[in-house]
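Any read-out appearing in this document is the output of simple, stated calculations on the displayed coordinates, not a laboratory observation. These numbers come from a predicted model, not from an experiment. Cβ placement follows ideal geometry from the backbone for every residue including glycine, while neighbour counts extend to all protein chains displayed.
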Amino acid sequence: MLAMTAALCLAGVTGCGTDDNSARLSKGRPSTGPVPGAQDVATLSGAGATFPATLVQEWIKEYSALAPGVTINYQPIGSGAGIQQLTSKTVDFAGSDVPLKESEVAATGGPGAVAQIPWTAGGVAVEYNLAGVTGLRLTPAALAGIFAGTITRWSDPAIKAENPDVALPASGIQVVHRSDGSGTTQVFTDYLKAVAPQVWTFPSGKDWPAGTAGTGAKGSDGVTAAVKQSVGAIGYAEPSYPKQAQLGIATIRNEAGRFVGPDAEAVSAALASATVNADGTLKLNFAPVNALAYPISSASYLMFHRAGSDPAKEAALKHFAAWALADGQGLAEGLDYAPLPEPVQVTALGAVKL
């Protein structure tokens, strides 16, 4: 499906709504040459997902040197809050780790009123705090059991079976989850529901379901800080957070039986099995058969109203988006994200419609 979509756009990228400069499919460092939006003058405000925030802030920093008349502010307040602000039109764009729900589409003006464009990809890392334990391996069922509250000790047989040479403590597991509406939570619970439905019997969604194990913390930074403060804790976040906090990151068994971590290559391998929906969003496959794939992988979306009320802002936002989707992809891997697979990247560029 992805390849088919790519072929349609690759036949003439300019015909998909981009110009020659913005259509460069870059995987290396961004070009320092002139960009189409170099003469734009606008101030743009955005808010939403914490998951892509590290990369978005780096994009903003790099782009400010290329388009000095454009000021961009992005507040990582969670996907749910970002969509609320987009709905009320208090921001120019939002970030979300999941597409709009049907009710959200209606609230933002109906089908097609809001562009939903994948602009980066990454894995949801399972972070943990266990002194002396590196390379923790978890099966989907064990991971679901931990977050459902049915596996409560690190010495549980389901964990020990995959870590026979690791000195796991008999102490309790302290689960930390997001307390705010989060696209990362949506992806994580969608994964648990898809791969371990007999263990994870709770619903999936942006809000952590009641009745499960653990305590909540706001934002990916809050979850990571809580895990860092508590020996025996486990949580989930974008990989740069546990790396910066020097926490352990578990490897997860994929459909091929291999234990894989959320590095860029593994995320790209997983997203290669996604399919593109008619509106340009992605239908994720949480059980990719590629042995290299990290199964808890997702795209993150840029969202904005297609019919803007300020032509200068509209042009500046689309120029920035096109740059992020092309040259900006070269910054992804160094910040623990994955560049978009080329078919997705081409389709996303077409959706910007400059």
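Nearest 500 deg cm²/dmol is fine: what mean residue ellipticity at 222 nm does the chain get from its DSSP H runs of n ≥ 4 alone, each adding -39,500 (n - 2.57), divided by its residue count?
-9500 deg cm²/dmol
One decimal place: the segment residue 279-residue 353 gains 25.3 nm when fully extended, by the rule 0.36 nm per residue minus the C-alpha distance.
For the chain, the share of DSSP beta bridges that are antiparallel, to the nearest 5, is 60%.
For the chain, modelled as a GNM whose springs connect Cα atoms under 10 angstrom apart, the maximal fluctuation among 288, 343, 68 occurs at 68. For the stretch 300-337, applying the loop criterion from DSSP together with a ceiling of 16 other beta carbons within 10 Å to the trypsin sites (Lys or Arg not before Pro) yields 306. Tilt of helix 183-195 relative to the longest C-alpha principal axis of the chain, in degrees (0 to 90, nearest 10)? Tilt of helix 183-195: around 50 degrees. With 27 Å as the limit on Cα-Cα distance, the pairs of 243/353; 61/206; 160/193; 89/228; 101/318; 89/318 that go past it are 243/353; 61/206; 89/228. Start at zero, step by 10 Å, and the Cα-Cα distances of the stretch 252-323 spread as 19, 34, 23, 17, 6, 0 percent across the bins. Treating each Cα of the stretch 106-199 as one equal point scatterer and applying the Debye formula with no solvent, the log10 of I(q)/I(0) at q = 0.23 Å⁻¹ comes out as -1.31.
Computed over the alpha-carbon pairs of the stretch 125-261, the distance histogram in 5 Å steps reads 2, 11, 21, 26, 23, 13, 3, 0 percent, short to long. The Cα-based radius of gyration and maximum Cα-Cα distance (Dmax) for the chain are 20.1, 62 Å. A simple count of charges around residue 247, restricted to other residues whose Cβ falls under 9 Å of its Cβ and scoring Lys, Arg +1 and Asp, Glu -1, yields +1.
What percent do you get for the relative contact order of the stretch 125-261 when only Cα pairs under 8 Å and 6+ apart count? Don't skip to the end; give the middle numbers.
Numbers: 264 pairs, mean separation 52.8, N = 137.
Relative CO of the stretch 125-261 lands at 39 percent.
Give me the number: length gained by fully extending residue 229 to residue 265, i.e. 0.36 nm times residue separation minus the C-alpha to C-alpha distance, one decimal in nm. Mind showing how you got there, number by number?
On the way: separation 36, 0.36 × 36 = 12.96 nm, distance 3.05 nm.
Full-extension gain reported as 9.9 nm.
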